[in-house]
Amino acid sequence: MIIFEAVGRLNSISRAAAELNLTQPAVSMQVKQLEEQVGLPLIDHVGKKLVLTEAGDELIGHARDVIARLADLKSAMRQHVSLECGILRIALVSTVSFFLPRFVSAYVKRHPSVRISLQVDNRDAVLAALMDKRTDIAITGRPPEDASCVAHRFMDNPLVAIARPDHRFAGMERVSLDLLCEETLIAREQGSGTRAAAERFFAERGLEYRSNCEVNTNEAVKQAVAAGLGLGVAPLQTIELELETRRLAVLPVEEFPILRHWYLLHRADKRLPLAARAFCDLFLDQAALPE
């Protein structure tokens, strides 16, 4: 099940083999044996691309449930002995890495034997990890709209427009949204929470958020803007050092900042492992906004 889940998730025999530290023939053989047991083809090839069949797509959901339940069982059995035997699994969007380490450090000081697993990705990938039960806790800027998760709001996350300090907008008292949209904009990739928030903000005002350049990290946005490639929209928490060193400037754009919030999420249908519950208690006690 573990091998098949990796093949289905990565859409590749070779990448699954590399992730699991196995040979490609060994992975192919395991998938073939599983197909023989099921009596149905589970994977297909469309050109050079590996895709799951309808039966394979059905099976991978069950495989993930089985893997997650086995992991929960193993963790639960260890935690009957001691919390210090647990694993803390957190998936987070890249902006969170600017402030999360101090909370993880405080947690490790209390529970030094707990193993820490941090997955840093964009919002879509982080939520997918939570839904697929590959993580216990997710930290992102916007929770799902359904009732699949329990969401704890804990911190403001303002988005600001940024430019080089010598940009002509930096010396203005006010920059209109129309004027901002005329400039070259550096944007995060599709799937990013920052990108989605900016697009919604402009769409609600009848404007199009057009990007001439897309990058996949906040660091890349900062570097591109600092190099003079264009303007950007970025979380204020990610540019504190650049503001102090005057490598970047916050622009006085009307109706900015775009105010967002951070949320700690866990699945509503899954009991958190003891290590994760201990982290939530510590984290929300130190970081949560007052109700």
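Accessible area per residue (1.4 Å probe, heavy atoms of protein chains only) ranks R267, R134 as R134, R267, with the largest value leading. Calculated FRET efficiency, D132 to A106, Cβ-Cβ distance, R0 = 25 Å: about 0.30 to the nearest 0.05.
In whole Å, how far is the Cα centre of region 126-143 from that of region 226-265? Here the answer is 25 Å between Cα centres. Extension gain for the segment E219 to L236, taken as residue separation times 0.36 nm less the Cα-Cα distance, is 4.9 nm to one decimal. Axis of helix 274-287 versus longest Cα principal axis of the chain: the two differ by about 10°, to the nearest ten degrees. Annotation for region 144-184: GluC sites (Glu not before Pro) lying in DSSP loop with at most 12 further Cβ atoms inside 10 Å of their Cβ are E145, E173, E182. Kindly express, to the nearest 10 degrees and within the range 0 to 90, the angle between helix 24-38's C-alpha long axis and the longest C-alpha principal axis of the chain. Orientation of helix 24-38: about 60 degrees from the principal axis. Here the chain is treated as a sphere whose radius is the Kirkwood value from Cα pairs; by Stokes-Einstein at 4 °C and 1.567 mPa s it diffuses with a coefficient of 60 µm²/s. Here the scattering of region 83-185 is modelled by Debye summation over its C-alpha atoms, one equal scatterer each and no solvent; at q = 0.16 Å⁻¹ the log10 of I(q)/I(0) is -0.83. Temperature 37 °C, viscosity 0.692 mPa s: under these conditions the Stokes-Einstein estimate for region 214-291, based on its Kirkwood radius over C-alpha pairs, is 208 µm² per second. Across region 170-246, the mean sequence separation of Cα contacts (distance under 8 Å, 6 or more residues apart), normalised by length, yields a relative contact order of 35 percent.
Surface exposure of region 55-167, expressed per residue as accessible area with a 1.4 Å probe, stands at 48 Å².
Within the chain, what whole-number % of the accessible surface is contributed by carbon and sulfur, with the 1.4 Å probe and all protein chains included in the calculation? In the chain, the share of accessible area belonging to carbon and sulfur is 52 percent.
With respect to the chain, whose longest principal axis is taken over its alpha-carbon atoms, helix 193-203 is tilted by about 50°.
Over every Cα atom in region 1-133, the radius of gyration and the widest Cα-Cα span, Dmax, amount to 17.7, 52 Å.
The values are calculated or read from the model by the stated rules, or taken from the named source; none is laboratory data. Since the model is a prediction, treat every value here as computed from it, not as a measurement. All Cβ positions, glycine included, derive from the backbone under ideal geometry; neighbour counts span all protein chains shown. When the accessible area is computed, the model is the full protein with side chains, heavy atoms only, and any ligands, DNA or RNA have been set aside. Shrake-Rupley method; radii C 1.70, N 1.55, O 1.52, S 1.80 Å.
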